[in-house]
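Chemist: One structure, pasted below without further comment.
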Amino acid sequence: MNLIILGAPGSGKGTSATVLREKYNLAHISTGDLFRYNLKENTPLGIEAKAYMDKGALVPDDVTIRMVEDRLNQPDCEKGYILDGFPRNIAQAEALDKILASKGAKIDAVVYVICDDEVIMDRVTTRRVCEKCGASFNVKYMPTKVEGVCDVCGGKVYQRSDDNAETVAKRLDTYRENTKPLIDFYNARGIIVEGNNNVDSDTCIASIEAGLKALSL
């Protein structure tokens, strides 16, 4: 099963991706992780990306596409994968089609995690993250056992500087602008599966699983 997962920042997309990865034994391909790996390992693609980043320029689609293509060639992708953070635009989606067509493969479904802006705003502005291990908590919904101390590693828990109302609103506007064309693109193929995460992740996952079954996946 080859999936793409879409969802606004703070929608719970990451949690949904993790659950789907484990349930269906999929490779989880996050573009954020891909960039970090290539930069850390100083790969040819990482060096190329860093040259743009050092100049304060956006990394071109072509570099990102080649990173994803390289990752899709890894053995763990043979049984299926979930793409998280890619594609971000129509050009990337079309490039992905060509890559998969060359392998005789395709995207089976696009999971769209839906969450209202006000719910996202509440969740994100109350989110806290461990500076040491990256574990995520929430002062309202999932507080640490000891205030300011990570339950996982004992590191310091803090609020990210971009987890504020103004920044979140801008991120949501940018997301909508970039994502609507993608939703239309894949909707035309009839492979969009929606999961509503306004209530909780269990409800969201249940609706996603029902949608996948409806597509005979």
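Chemist: Please work out which option in (i) 28, 17, 16; (ii) 39, 19, 15; (iii) 28, 23, 17 gives semi-axes √(5λ) of the Cα gyration tensor in Å calculated from these coordinates, and answer with its label.
Modeler: Step by step, semi-axes √(5λ) of the Cα gyration tensor in Å for this structure corresponds to label (iii).
Chemist: For segment 1-71, which trypsin sites (Lys or Arg not before Pro) are both in a DSSP coil and crowded by at most 14 other Cβ atoms within 10 Å?
Modeler: Here the trypsin sites (Lys or Arg not before Pro) that fit, given the DSSP loop and packing criteria, are Lys55.
Chemist: Expressed as a rounded percentage, what relative contact order does segment 29-112 have, with Cα pairs under 8 Å and six or more residues apart?
Modeler: In percent, rounded to a whole number, it is 30.
Chemist: Okay, moving on. Could you please state how large a percent of the accessible area of segment 2-45 is carbon and sulfur, counting protein chains only and using a 1.4 Å probe?
Modeler: 49 percent
Chemist: I need to check one value: relative contact order of the chain, counting alpha carbon pairs closer than 8 Å and at least 6 residues apart, in percent.
Modeler: The normalised contact order for the chain reaches 26 percent.
Chemist: Mind checking the per residue accessible area of segment 147-203 for me, 1.4 Å probe, whole number of Å²?
Modeler: 62 Å²
Chemist: Let me ask something additional. What spacing in nm lies between the two simple spin-label points modelled at Asp108 and Glu78, each 7 Å away from Cα in the Cβ direction?
Modeler: In this crude spin-label approximation the distance works out to 1.7 nm.
Chemist: Moving on to the next point. Kindly write out, for segment 25-30 in residue order, the coupling ³J(HN,Hα) from the Karplus curve 6.51 cos²θ - 1.76 cosθ + 1.60 (θ = phi - 60°), rounded to whole Hz, with x marking Gly and Pro.
Modeler: My calculation for segment 25-30 gives 6, 9, 6, 9, 10, 9 Hz in order.
Chemist: Considering only protein heavy atoms, with the full assembly of protein chains and a 1.4 angstrom probe, order Glu131, Glu94 by accessible area, largest first.
Modeler: Result of the area sort, largest leading: Glu131, Glu94.
Chemist: Determine the per residue accessible area of segment 1-86 with all protein chains present and a 1.4 angstrom probe, expressed in square angstrom.
Modeler: Ligands and nucleic acids excluded, the figure is 50 Å² per residue.
Chemist: With the full set of protein chains in place, find how many percent of the accessible area of segment 106-192 is carbon and sulfur; take the probe as 1.4 Å.
Modeler: 51 percent
Chemist: In addition: Rounded to the nearest 0.05, what FRET efficiency do Asn196 and Asn42 have when you use their Cβ-Cβ distance and R0 = 41 Å?
Modeler: Working from the Cβ atoms, E equals 0.45.
Chemist: What is segment 112-173's relative contact order, in percent, from Cα pairs under 8 angstrom and six or more apart in sequence?
Modeler: Once divided by the residue count of segment 112-173, the mean separation gives 33 percent.
Chemist: Here's another thing I want to ask about it. Quick one: which of Lys13/Lys180; Lys79/Lys132; Lys13/Lys106; Lys106/Lys213; Lys50/Lys106; Lys13/Lys213 span more than 24 angstrom between C-alpha atoms?
Modeler: The pairs that break the limit, which is 24 Å between Cα atoms, are Lys79/Lys132; Lys50/Lys106.
Chemist: May I ask you to rank Ile90, Ile4, Ile183 by accessible area, largest first, using a 1.4 Å probe over the protein chains only?
Modeler: Of Ile90, Ile4, Ile183, the descending order of accessible area is Ile90, Ile183, Ile4.
Chemist: Quick one: net charge of Gly155's neighbours, Cβ under 13 Å, K/R +1, D/E -1?
Modeler: +1
Chemist: While we're here: Can you show me the helix-derived [θ] at 222 nm for the chain, built from DSSP H runs with n ≥ 4 at -39,500 (n - 2.57) apiece and divided by the number of residues, rounded to the nearest 500.
Modeler: -15000 deg cm²/dmol
Chemist: Lys and Arg at +1, Asp and Glu at -1: add these up for the other residues within a Cβ distance under 12 Å of Val168 and post the number.
Modeler: The answer is -2.
Chemist: Suppose accessible area is computed on protein heavy atoms with a 1.4 Å probe; arrange Asp76, Asp84 from highest to lowest.
Modeler: So the residues, ranked largest to smallest area, are Asp76, Asp84.
Chemist: If R0 is 30 Å, what FRET efficiency do you get for Asp54 and Lys98 from their C-beta distance, rounded to 0.05?
Modeler: 0.50
The values are calculated or read from the model by the stated rules, or taken from the named source; none is laboratory data. From a predicted model like this one, the values you see are computed outputs, not experimental measurements. With ideal geometry, Cβ positions are generated from the backbone for all residues, glycine too; neighbour counts draw on all protein chains shown. These accessible areas exclude ligands, DNA and RNA; they are computed on the full protein's heavy atoms, side chains included. Shrake-Rupley method; radii C 1.70, N 1.55, O 1.52, S 1.80 Å.
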